[in-house]
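Here is the structure we will look at, set down as structure tokens.
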Amino acid sequence: NLVSFYTLPDETSINGFFDGSSSIISDVITESSAAFNVSEDGYTWLGSLIDIQSTKGYWLNSSDAQVFSVEGYPLGSDLVYNLHVGPNLISFPDSGSYALSEVIPNQFQGIVYGILGEGLSAVYDNGQWEGSLDALEGGSGYWFKSYSDIDLTFDIDNSLSRQINNPVVMQLLDFEYEQSSQQAFYFIKNIESIESGDWILAFNNDVVVGSRLWNNQTVDVPAMGKDGFDFTDGYCESGDIPQFKLYKHTTGELLDLYGEVNPWAS
């Protein structure tokens, strides 16, 4: 689960934040640091990640479905994010949901050229955002890929529409896959003979690692990678080249696709 926190309590140390009520969470990963739960009661953590920070996003790996809630103080929409060149794993400081083009300052659109969420992504191309990620929303974490070092403050205006919601990540029955903390996205503009309602599937050998429903515009097909957990065995590793197939919804046919495919990298 790729999350962030738009409110934080006084106690932000890893041991206090994820107390005994969160023993199901096995590890917490952010950019360049991680902590692993080494006890059954959830009180003992090892690793370089020692506290939860307001500007960071976090992968939470859980052994079971659960609800994790936080009570604390709002961060404030004027939070400054010091982004460096390359990927930055960051939070979103508001409980609402806002369109990318509205909430990212104009001068940084294009400098921030790619955004990756949990199973969703967007790239800035020819003056607009393309992909399945339409909005930034509270509670979610995001990888922001930047061409330059910048100090970013989101343009959060409560008068803006807060009804912009990202689509639910759907999967094709009998071709399901698990979300991984290691992921890549392949953007596809067109496929010969594709029709609305068809699916594009990504495979690593014979293992399904991603899929996306075709919606008559450029789509981002996720390809999940191996991240050390058993449920990602057989998923992509650095240098693998995923194979793509077209599922025809009218006939159930599964057709091989051919084209230039870059080697996989998280």
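The values are calculated or read from the model by the stated rules, or taken from the named source; none is laboratory data. Just so we're clear, the structure is a prediction, and the values are computed from it rather than from any experiment. Heads up, the Cβs are rebuilt from the backbone with ideal geometry, glycines too, and the neighbour counts pull from every protein chain shown. Please note that ligands, DNA and RNA were not included when accessible areas were found on the heavy atoms of the full protein model with its side chains. Shrake-Rupley method; radii C 1.70, N 1.55, O 1.52, S 1.80 Å.
Remarks
- Entirely in region 127-229, the strands (runs of 3 or more DSSP E) that have 1 or more residues that are among the polar types (S, T, N, Q), crowded, with 16+ Cβ neighbours inside 10 Å and touching a residue at least 12 places away in the same chain (Cβ under 8 Å): 142-146, 183-188, 199-204, 207-213
- Residue within region 63-77 that is in contact with a Gly (Cβ under 7 Å, 6 or more places away or on another chain), open to solvent by 20 Å² or more (accessible area, probe 1.4 Å) and either under 20 Å from residue 137 (Cβ atoms) or not in a strand (DSSP E or B) (or both) present: no
- Qualifying residues in region 11-22 (those that are open to solvent by 50 Å² or more (accessible area, probe 1.4 Å) and under 17 Å from residue 62 (Cα atoms)) - the one modelled with the lowest pLDDT: 21
- Subset of region 230-266 [in a strand (DSSP E or B) and either in contact (Cβ under 8 Å) with a residue 12 or more places away in the chain or loosely packed, with under 14 Cβ neighbours inside 10 Å (or both)]: 236, 243, 244, 245, 246, 247, 254, 256
- Scanning region 87-126 for residues that are part of a loop (DSSP other than H, G, I, E, B) and open to solvent by 30 Å² or more (accessible area, probe 1.4 Å) yields 95, 111, 118, 126.
- Members of region 31-53 found to be modelled with pLDDT of 95 or more, open to solvent by less than 60 Å² (accessible area, probe 1.4 Å) and in a loop (DSSP other than H, G, I, E, B), listed by number: 31, 49, 52
- Selection of region 53-101 for residues being without any contact (Cβ under 8 Å) to a residue 24 or more places away in the chain and within 24 Å of residue 180 (Cβ to Cβ) yields 65, 67.
- Matching residues, region 197-218, being of a type in the set (Ser, Thr, Tyr) and at pLDDT 95 or above: 211
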